[in-house]
């Protein structure tokens, strides 16, 4: 099963030594999966932070492929809510849509050709095919020509082998195995997908989405009321060169190369899971993210002192209403307080806890507070990107 430039290696699970780093990682991550962290964070804020993470990590996934859009630039496009900016921005928006779709389908959608084709349809949507853009002239379809990977020694298989190899991969992913192999299987499946390179373009983006979907299916999620925030893109986009280097190590098909790749992936997942755990802690989120974001917004004059006081009260108590603020504004007439709340609602910094409610909670996904959240997340080491 080979030709002049392509060498087949059977897909297989490594069998690491009991005292190896890889075995230790498997055991620790299995422990974290069983914990099913629920956390104390206020759910609306948790989901807002999750949305920010998806945005940041979509930027990271696009950056791996050479997209040069900065965080600041993409945040501005988010704030402006313009339908189309340019193809680089559209590429990131496509990744956001794909991740949202993964969240919606959860564990219901089987891992098969239809899934990866749908991922591909989404990530290349409205993008110009190479060499100009990051789209594909045959969305959702396996490539019908040979390709090379810039900077890699590995030569992907010829198009005649793609269907057979993808069937083998799906069989491997869906094979009934003990749960202890889940993460090793996910790491190997990511590499194998990249090794096959089934599409003409967009393989990296689809491969990372596939990994995200497999993690959710396997129960590796940090949860608050059934919402997950874990995204493996952070594992890969922290260091683009390290990602490619470890992929290359596994291209040989040797046990050593496969174990090196699996260790790299599992170390990254362990780091991200431990980092995300703190985001389920209400006190941490309030003190280390929300309040610094509000202070940043006030410093930059996005909000005034009165607005800061209202929003800080909402951060401290999760919800706020006009009568609560009489203690904050002791000399201010209640009508003025109600007007200030309305102004904050109009600016989308406060939103009712449900339709027609007179209680409000913070909304940090808006053009006044989002920059402050980015600042706070960066300061705390959560942003896996370098500007």
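We did not get these values from a lab; they are worked out from the coordinates using the rules stated. Everything quoted here is computed from the prediction, not taken from an experiment. Glycine gets a Cβ as well: all are built from the backbone with ideal geometry, and neighbour counts include every protein chain shown.
Below, the figures for the structure above:
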quantity	calculated
0 to 90° range, to nearest 10: angle between helix 255-277 axis and the chain longest Cα axis	10
Neighbour-count order for 49, 365, 160, fewest beta carbons within 10 angstrom listed first	160, 365, 49
P(r) of segment 127-187 over all Cα-Cα pairs, binned every 5 Å from zero, in whole percent	4, 13, 15, 19, 19, 15, 10, 5, 1, 0
Cα centroid of segment 192-213 to Cα centroid of segment 336-379, whole Å	38
Cα-based equivalent ellipsoid of segment 223-381: semi-axis lengths in Å, sorted from largest, via gyration tensor	44, 15, 12
Listed residues 346, 356, 171, most fluctuating in the chain (Gaussian network, C-alpha, under 10 Å)	356
Separation of the residue 240 and residue 346 label points, Cα + 7 Å toward Cβ, nm	4.4
Per-selection Kirkwood Rh - segment 288-387 (Cα, Å, 1 d.p.)	13.9
Mean ellipticity per residue at 222 nm, deg cm²/dmol - from DSSP H runs of n ≥ 4 across the chain, formula -39500 (n - 2.57)	-17500 deg cm²/dmol
Proxy reagent accessibility, fewest Cβ within 10 Å first, across 51, 168, 307	168, 51, 307
Within a Gaussian network of the chain (alpha carbon springs, distance under 10 Å), most fluctuating of 190, 361, 145	145
Segment 53-175 - Rg (one decimal) and Dmax (whole number), Cα, Å	16.1, 46
Degrees between helix 182-196 axis and first principal axis of the chain (Cα, 0 to 90, nearest 10)	70
Relative contact order [Cα under 8 Å, 6+ residues apart], segment 282-379, whole percent	36
On Cα atoms only, tilt of 159-174 relative to the major axis of the chain in degrees	60
Sorted by Cβ neighbour density within 10 Å, fewest at the top, the residues 58, 20	20, 58
